[in-house]
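Please read the structure below before turning to the comments.
The values are calculated or read from the model by the stated rules, or taken from the named source; none is laboratory data. Remember, it's a predicted structure, so these values are computed and weren't measured experimentally. As a convention, Cβ positions derive from the backbone with ideal geometry for all residues, glycine included, and neighbour counts pool all protein chains shown. Heads up: the accessible areas ignore ligands, DNA and RNA and are worked out on the full protein's heavy atoms, side chains in. Shrake-Rupley method; radii C 1.70, N 1.55, O 1.52, S 1.80 Å.
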Amino acid sequence: MDPLTDALAISGVKGTLSTRVEAGGRWAIALDDYPGAALHAVTAGSAWLTVAGREPAELAAGDVVLLPADTPHGLTDDPTDTGGTGRGRCEHVAARGRGIGEVISLGSQLVTTRIVTIHYDCDPAALTQILTVLPGLVHVRAEAGTPGLTDTVRMLARELAHPQLATAAVLKSLVDIVLVQMLRAWLAVNPPECFGTWLGALYDPVIGKALRHLHANPAIPWTTSMLAEAISVSRATLARRFPAATGYTPAAYLANWRMDLAAVQLRDSHDSLETIAEAVGYGSVPAFTRAFSRAHGRTPGRYRSETRSHSGTAFRLETPAPSSLTIS
């Protein structure tokens, strides 16, 4: 079992190809109401990322940066230009561009910088989250990235520049892949920043094994002692390291994971409550109902009826219209 794949699916991560910037000369764009976590991939040239309370970050070709949801930020050719050349006229254009995937042309000179933006949303009701546990800024530089991330960004740029047969299908896959490749690269080069997060736990040789067991067999009535024996460590070691790595005891983590699995089954399947309860380790429907109601604030039946019409697919890509805006 792969806990990262599991968690991305369970937390309902969905990627949408969004604003594409092509700029030259003096330019700036404000992204103050960006929906979801914003990923910017610089496919050509360079730019500066500005975030309130942080030093401006220089982005070069091949760099990828990910910001949490609801983070006001901007992109510009010159972070010292506090007047924000072109910024005031670009806010409404950026919002419109996100809605229909427009290419936004900025500045009055030949294009030297190209940036592709993807935004990722997730199910806020999921107890296991990936995007919300990341630090305020994840920046993977081209020289520190992995070949997989570099190749994915290049493929994304080529597909956008030269649409072909089934381009929408290719872009859908690349939107999936670029997030995973970025997380891989970030985990590989920034292990200190990962400590104490769910993602960092995957790289802990002890806790990573424990998570794989819990994900592979959630219906087993795991205790800390059973789990420790399964991964060949002492109970005391697991009891100490698991909360430090994940923020939960093994029992609390398992309870949350079971409730996330149950929520997806309720939303996406027609399985009976008895079947779902058994699949996630509960011997009776009443026990399952009590646990689910505590976790999600609704009974399983009510949750199913309220979410059925709004069910989504992980990593959904909305294909943009082939249009553009020019601002100089």
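Remarks
- Alpha-carbon centroid distance for the pair region 258-279 / region 102-178, whole angstrom: 33 Å
- Accessible area of Asp271 (1.4 Å probe, protein heavy atoms only, ligands and nucleic acids ignored): about 60 Å².
- In this simple spin-label model, placing a label point 7 Å from the Cα along the Cα-to-Cβ direction at both Asn217 and Arg141 gives a separation of 4.6 nm.
- Between Thr237, Trp257, Leu273, the Cα set farthest toward the positive side of the dipole of region 232-283 (charges on each charged residue's Cβ, about the Cα centre) is that of Thr237.
- Accessible area expressed per residue, region 111-267, with surrounding protein chains retained (probe 1.4 Å, Å²): 45 Å²
- Only Cα pairs under 8 Å and 6+ residues apart enter the sum, and on that basis the relative contact order of region 182-262 stands at 30 percent.
- Extension gain, Asp271-Ser305: 0.36 nm per intervening residue step, less the Cα-Cα distance, totals 10.9 nm.
- Spacing of the two label points (7 Å from each Cα toward its C-beta) at Ala279 and Ser293, in nm: 2.3 nm
- Met226 sits among other residues whose Cβ lies under 15 Å from its own Cβ, and their net charge, with Lys and Arg +1 and Asp and Glu -1, is +2.
- Residue-count net charge about Ala52 - beta-carbon cut-off 13 Å; Lys, Arg +1, Asp, Glu -1: -2
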